[in-house]
Structures are given as structure tokens and as C-alpha cells.
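Before any comments, here is the structure.
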Protein chains: 2
Amino acid sequence: MTAKNIFLNKRPSSTDTKNKIMNAAEAAIVRGGYSAFSFRDIAEEVGIKSASVHYHYPTKADLVVAVMMRFTDEFQAILADPEVDDFDARTTLNHFIDGFRSKNVERHSMSICTMLTADKHLLSEAVSQSLADFYQVKLGWLTKVFMRLENLPEDAARDRAGQFVATLHGASVLVQATGELAWYEKVASPWRQPSE
Amino acid sequence: MTAKNIFLNKRPSSTDTKNKIMNAAEAAIVRGGYSAFSFRDIAEEVGIKSASVHYHYPTKADLVVAVMMRFTDEFQAILADPEVDDFDARTTLNHFIDGFRSKNVERHSMSICTMLTADKHLLSEAVSQSLADFYQVKLGWLTKVFMRLENLPEDAARDRAGQFVATLHGASVLVQATGELAWYEKVASPWRQPSE
DNA sequence: AAATATCTACCTATCACAAGATAGGTGCAA
DNA sequence: TTGCACCTATCTTGTGATAGGTAGATATTT
């Protein structure tokens, strides 16, 4: 690959297409879960044919595992490290609540992990595992946050992390079911931290 | 219909079959949501043909609406009235937590309303409405419970009801996703009431 | 440098199957 | 003889997946 090619080569890049496919799949899963999209849907959105989607991801399970792994990686990349000295646990938790709201609740959808959890019965072992892995990452990080925030030992902090995760996820279910966005703040408010 | 017929008539009763169909559908929805069962599945379980299921419930939406309405009715019938004098709010709430656990969480599934909420994008208007109706009934009852339990005005009690519902639903998501049943008690414990 | 081979990212066409739904028929009880 | 609860048979649509082909970029050989 010469420098020229970077500008002139019109040959489709595999990673570009793969990312487009994952983007479409992720959006579709958030909208309606595992069974709410087909290879044909994805293909149309990306601008290729369904057989070409199979070229990049042989099976649906392969595709969803890839989506979950990317999701987990991005999640980890964005998070602040709770073990550095100047970590601000209060602000971080508030931002987390806001992020969950803007990324999921306000878009009239639930998180990709809640959606896949609901479809767990029809997930392959590999997909289930990638889902469980994500929860471990999420709970692990929140455990550290609560250790800092509430000066708790790891065990107790992990319980708090679980309570927190459950509350946010449950809130998004409540919003989705009733159609009342206001529920989110009402449910999440006990977890909000005073700014000072 | 004579008294004799009660014992001798082997002609299938419409309501019996309808109940069997609803039982099968409800169990299937709890297992995997709206798209996880077909008329053929239901038919096989009941012991008739799929066309006969359509005879009782012309469309899938009709069937699921019927299931949700029956579910809501049964829910209301079981609940103690929080407005009578000897209503024991503490015990009632503990029983509610236990009931949610034994009916959903321990069976490695989530509640029918959580499952349908996740599938909301593909529900017809009628089904969505029956789902929203159930949540209103549930929240309405819990609001009264919290008014008694915590001596709150209606507004504040309703917020508490929402927080409670969200927590239990979220806990069941967490259990389902991680496969760790222990999360349920850990998440629900702050809501448990001291027995005296 | 030219010729050849291989690889890549797509394509068309098709498979087997399962879905919701409908038309029209059968047997039996009231 | 009417109505009910069921049946067989079939339609259409959509699914995940596969086989096999093609044009063009890249790599290898001559």
C-alpha cells in the first residue's frame, strides 16, 4: 500500500464495510433485539447484498458477537480510571446516569445489553458469553467507582454497583413500557450525587 | 346445558381451550418474548392444529392482548387492598419481592411485561396499550402500598413505586444476563421490610 | 516489464424452512 | 338444521445460509 493509494484507491476497505455492518446491526439490536433484523435489512442499509454480509460475518451469531465485543471495548475506552488519584467519583456517576439517559432512554430504546438479555433464549453460547462478559466489565468498573465514592470494601461496593445497574436498566424498561420519559429521572434521582 | 352435561359432555369447551392457548402463549412469552412462539408451537402444546388457534384468536395480536388482559385481571385479583384498615404494608411488600422472585427470577426468565416491553417495536397498538395498562395497574397499587408504608402523599409514593418496580425488573435483567441468581437478593435487599 | 496467478469484496441465484394467515370442509351436539 | 370446534391444505412472505461467479487489485513468476 503506497501513499498514493490512500487517496486514489477506491477499492472498498474490509474494515470500513465491517464497521458499517456493525453500526447497522447495533442500531437494529437496540431498536428491537436479536430477531428484529435480518441480513437483508443490514445489507440494504450498508448498500450491499445480504450474501456480502455473510462474507464478512458468516453467521448472525458471529456478527452479534463482533458487535458486543466492539461495544465492550468502546465502553472500556471511554471510562475514566477510578484508581487514579484525581478521579472524581461523584461527577463520574452523574455523567454515567446522563449518558445512559441520552444514549438509550431519550431515544425511546433500551440498552443493547438489556435487549439481548431479553432474547437470551435464542442466543448461541458465544453470544451469551459476550453479553455476560460485558456485564462483568460494567460491574467491575462500577465496583471501583463505588469503592471510591462510598469508601466501601470491594464486596459491598459490588453490591452497590449491581443495585445501580439494575435501577438504571429497570428505569429504561419503565420508560419504554409507559411511554413516560419522566420516570427515568424519578427513578434515577436517589443515585444522583450532590455536585460539591 | 343440563347438570348431566357437566359430567358426560365430552365436547370441547371454548373457554377451556382458550385458557389452554393463553397458558401456552403466556409461558412462551415469558420464555422468549413476542416473536419466540408461533401458532404452530401453541397448537402442538395444546393438542390442536394451528388453524384452530386462529379460530379462537384470529391474529397473534389478539392472542397476546387476551393474555395481557387476563394477566392484569389475575394480578389485581390476588393483591390485598391497601385501603382496608388491617392492611399490612410491610408483609405485603416482602411477599411481592418473594413472588417476583419465585415467579420469574428463579425460573430463569423475566416477567411477561419486561419481555413484551423489550419487543415493543413490533407490538401492535392494542398490545402496547394492554401492556401500558398493566403498568398503570401495578404502579397504582404500589403507590397505595407506599402511601401506607412510608406515610407519603400520593405523588411521592408513586415515585417510590416506580423506583421499586424498576429495581425488581432491573434485578431480573441482571440475573438473566449474568446467570447469577444471587444478584436478585443483593439488589432487592434494600427494599425488604423488617418484619416487626 | 509482461504474463500469470491469487486474493478480495462483492454479486446472482437459490435453497430449505418457518412464519402468520385464510379458505373451505367434517363431525357432532343442541 | 344450525352452529361450534376442529380439521386439511395451501398461500405469501421472510428468514439464515450456501454455491458458484465476476471484476479488479495485488502478488508472484518469467
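The values are calculated or read from the model by the stated rules, or taken from the named source; none is laboratory data. This structure is a prediction, so every number in the text was calculated from the model and none was measured. So basically every Cβ, Gly included, is an ideal-geometry build from the backbone, and we count neighbours across all protein chains shown. Accessible surface areas use protein heavy atoms only, side chains included; no ligands, DNA or RNA. Shrake-Rupley method; radii C 1.70, N 1.55, O 1.52, S 1.80 Å.
Observations, loosely collected:
- Answer residue from the stretch B:46-58, given it is within 12 Å of DNA strand C (Cβ to nearest atom), without any contact (Cβ under 8 Å) to a residue 40 or more places away in the chain and not in a loop (DSSP other than H, G, I, E, B) and is most open to solvent (accessible area, probe 1.4 Å) among those: B:Tyr55
- Test: residue in the stretch B:59-69 that is open to solvent by 30 Å² or more (accessible area, probe 1.4 Å), more than 11 Å from DNA strand D (Cβ to nearest atom), free of Cβ contacts under 8 Å to residues at least 40 places away in the same chain and farther than 25 Å from A:Ala36 by Cβ: no
- Residue check for A:Gln176: within 12 Å of another protein chain (Cβ to nearest Cβ), touching a residue at least 40 places away in the same chain (Cβ under 8 Å) and either open to solvent by less than 30 Å² (accessible area, probe 1.4 Å) or over 16 Å from A:His95 (Cα atoms) (or both): yes
- Restricting attention to the stretch B:110-137, the residues that are more than 7 Å from chain A (Cβ to nearest Cβ), part of a helix (DSSP H, G or I), out of contact with any Leu (no Cβ under 6 Å at 6 or more places or on another chain) and of a type in the set (A, V, I, L, M) add up to 4.
- Complete set of residues in the stretch A:31-41 that are within 11 Å of DNA strand C (Cβ to nearest atom) and surrounded by 15 or more Cβ atoms within 10 Å (Cβ to Cβ): A:Ser35, A:Phe39
- Among residues of the stretch B:65-98, those that are among the small types (Gly, Ala, Ser) and closer than 30 Å to B:Leu123 by Cβ, counted: 2
- Residues satisfying the criterion are present in the stretch B:107-115 (criterion: at positive phi and open to solvent by 10 Å² or more (accessible area, probe 1.4 Å)).
- Taken as a whole, the condition of being within 10 Å of DNA strand C (Cβ to nearest atom), open to solvent by 60 Å² or more (accessible area, probe 1.4 Å) and under 17 Å from the mean Cα position of the chain (by Cα) applies to A:Lys20.
- Count of the stretch A:30-89 residues, restricted to those that are within 14 Å of another protein chain (Cβ to nearest Cβ) and among the acidic types (Asp, Glu), is 1.
- Selection from the stretch A:14-33 of residues that are modelled with pLDDT of 75 or more and farther than 25 Å from B:Tyr34 by Cβ: A:Thr15, A:Asp16, A:Thr17, A:Lys18, A:Asn19, A:Lys20, A:Ile21, A:Met22, A:Asn23
- Here B:Ala36 passes the criteria (1) under 28 Å from B:Val175 (Cα atoms); (2) within 16 Å of DNA strand D (Cβ to nearest atom); (3) at pLDDT 95 or above except the one numbered (3).
- Considered as a group, the residues in the stretch A:180-190 that are at the interface with chain B (Cβ under 10 Å from one of its Cβ atoms) and surrounded by 13 or more Cβ atoms within 10 Å (Cβ to Cβ) include one that is farthest from A:Glu150 (Cα to Cα), and that residue is A:Glu180.
- Enumeration of residues in the stretch B:17-42 that are in a helix (DSSP H, G or I), without any contact (Cβ under 8 Å) to a residue 40 or more places away in the chain and under 29 Å from A:Leu116 (Cβ atoms): B:Asn23, B:Ala24, B:Ala27, B:Ala28, B:Ala36, B:Phe39, B:Arg40, B:Asp41, B:Ile42
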